[in-house]
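All remarks here apply to the structure that follows.
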Amino acid sequence: MKTKKQEAEIGLLTRNWHKRNPWFCKNHHRTIYALRVHAEAKTKYGKAFVGTSAYFRYIDKKMREAFPSL
């Protein structure tokens, strides 16, 4: 179970990620790929990993590998 502080940090990290990735929910191909990477991360590292700084670094790394122009 996450604390309120952890939940607030995750919310901030999520908002910051969305700001850095304006293609999300606008570019279908990239969005679908990001959602697949999310599912992979959740399966591989567990539910508690989702939303952490390491999670967003993982998503960014995988997205850059698939879409070098990002």
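The values are calculated or read from the model by the stated rules, or taken from the named source; none is laboratory data. Bear in mind the structure is a predicted one, so any value in this text is a computation, not a measurement. Cβ sites come from the backbone with ideal geometry, for glycine too, and all protein chains shown count toward neighbours. The area values use the complete protein model at the heavy-atom level, side chains included, leaving out ligands, DNA and RNA. Shrake-Rupley method; radii C 1.70, N 1.55, O 1.52, S 1.80 Å.
Would you please name the residue that is nearest to Trp23 (Cα to Cα), looking only at residues in the stretch 34-50 that are in a helix (DSSP H, G or I) and open to solvent by less than 70 Å² (accessible area, probe 1.4 Å)?
Within the stretch 34-50, the subset in a helix (DSSP H, G or I) is 34-45, 47-49.
So of that shortlist, the ones also open to solvent by less than 70 Å² (accessible area, probe 1.4 Å) come out as 34, 37-39, 41, 49.
Details: Ala34: 11, Val37: 15, His38: 16, Ala39: 19, Ala41: 20, Phe49: 23 Å.
Among those residues, the one meeting the criterion is Ala34.
Among the residues of the stretch 51-70, those identified as over 14 Å from Arg36 (Cβ atoms) and surrounded by 14 or more Cβ atoms within 10 Å (Cβ to Cβ) are Gly51, Thr52, Tyr55, Phe56, Asp60. Within the stretch 10-33, track down each residue that is hydrophobic (A, V, I, L, M, F, W, C), under 16 Å from Arg64 (Cβ atoms) and not in a helix (DSSP H, G or I). Answer for the stretch 10-33, where residues must be hydrophobic (A, V, I, L, M, F, W, C), under 16 Å from Arg64 (Cβ atoms) and not in a helix (DSSP H, G or I): Trp23, Phe24.
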